[in-house]
Amino acid sequence: MSKQNNMSILIKGLLRENPVFVLILGTCPTLATTTTVDGALGMGLATMAVLICSNIVISLLRKFIPDTVRIPCYIVVIAGFVTVVQMLIQAFIPDLYETLGVYLALITVNCIILGRAEMFAGKNSVGKSALDGIGMGLGFTLALFAMSTIREVLGAGTFMGNEIPFLVENGLTISLLVKAPGGLMVYGLLIALVNKITKGKLIKKKEFSCEGCPSASSCHGGCSAEKEDK
């Protein structure tokens, strides 16, 4: 695996295939945990830890997991790491554990983690899968950090719990931003900004293929034939 390929896998999650702003995955924890920077960073780092570990283990076991039960197996692996992360946070960072609440357990069914297990770790080597986990985890964490900074600073007049006197004393905060409608507004604006900066060309269109289609084995090339007719 060349250094260029390594770097490409590592950095694609930061912007080109950012799981939050480009792939639009993990929306629930993104909106729920970005009212404070502390909570957002905690969720981002916890998710990244689970993503890296689960990617590595699933890649190691990819040749031994029957295709018919691969999704349940992936979920079992992911759930195991989520449990470990939960216990560690509860033991060493109880305040963060209370802040994140049920969203820690819901990392198990986070579309980002299950999606990377299905689309990448289950098909690639351990090294590549680890890099993919790091890149996607960093992309998710940075996205949460950006959203939470905007929402906490402009919505509550604080940053990581520390008051910003200028904003508070002059009444320059917008309390709507720390509520659900404000979260959706900030999320939409950041997606639009990323799309504008990159001119909507982050994800290249793939060639038409039957690969991955559940009906591919029974359609006898019907999809491809239909494309050729067109």
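Numbers below:
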read-out: Subset of the stretch 54-77 (residues that are surrounded by 17 or more Cβ atoms within 10 Å (Cβ to Cβ) and under 14 Å from M119 (Cβ atoms)); value: S54, N55, I58, S59, R62, Y74
read-out: Odd one out for F64, checked against (1) under 14 Å from the mean Cα position of the chain (by Cα); (2) closer than 23 Å to N124 by Cα; (3) of a type outside the set (A, V, I, L, M); value: (1)
read-out: Residues satisfying the stated conditions in the stretch 46-75, i.e. hydrophobic (A, V, I, L, M, F, W, C) and within 15 Å of N110 (Cβ to Cβ); value: A46, M48, A49, V50, L51, I52, C53, I58, I71, I75
read-out: Residue within the stretch 82-91 that is without any contact (Cβ under 8 Å) to a residue 40 or more places away in the chain and in contact with a Phe, Trp or Tyr (Cβ under 7 Å, 6 or more places away or on another chain) present; value: yes
read-out: G133 touching a residue at least 40 places away in the same chain (Cβ under 8 Å), closer than 17 Å to L23 by Cβ and either in contact with a Cys (Cβ under 9 Å, 6 or more places away or on another chain) or surrounded by fewer than 13 Cβ atoms within 10 Å (Cβ to Cβ) (or both); value: yes
read-out: Any chance G101 is closer than 25 Å to F159 by Cα, within 15 Å of the chain's Cα centre (by Cα) and of a type in the set (G, A, S); value: no
read-out: Test: residue in the stretch 72-88 that is among the small types (G, A, S) and farther than 30 Å from N6 by Cβ; value: no
read-out: Options T34, T47; residue that is surrounded by 14 or more Cβ atoms within 10 Å (Cβ to Cβ), within 13 Å of the chain's Cα centre (by Cα) and among the hydroxyl-bearing types (S, T, Y); value: T47
read-out: Extreme residue, farthest from G26 (Cα to Cα), among residues of the stretch 168-193 that are at pLDDT below 90 and assigned to a helix (DSSP H, G or I); value: E169
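The values are calculated or read from the model by the stated rules, or taken from the named source; none is laboratory data. The model shown is predicted, which means the values in this text are computed figures rather than measured ones. Counting neighbours? That spans all protein chains shown, and the Cβs are built from the backbone with ideal geometry, glycine included.
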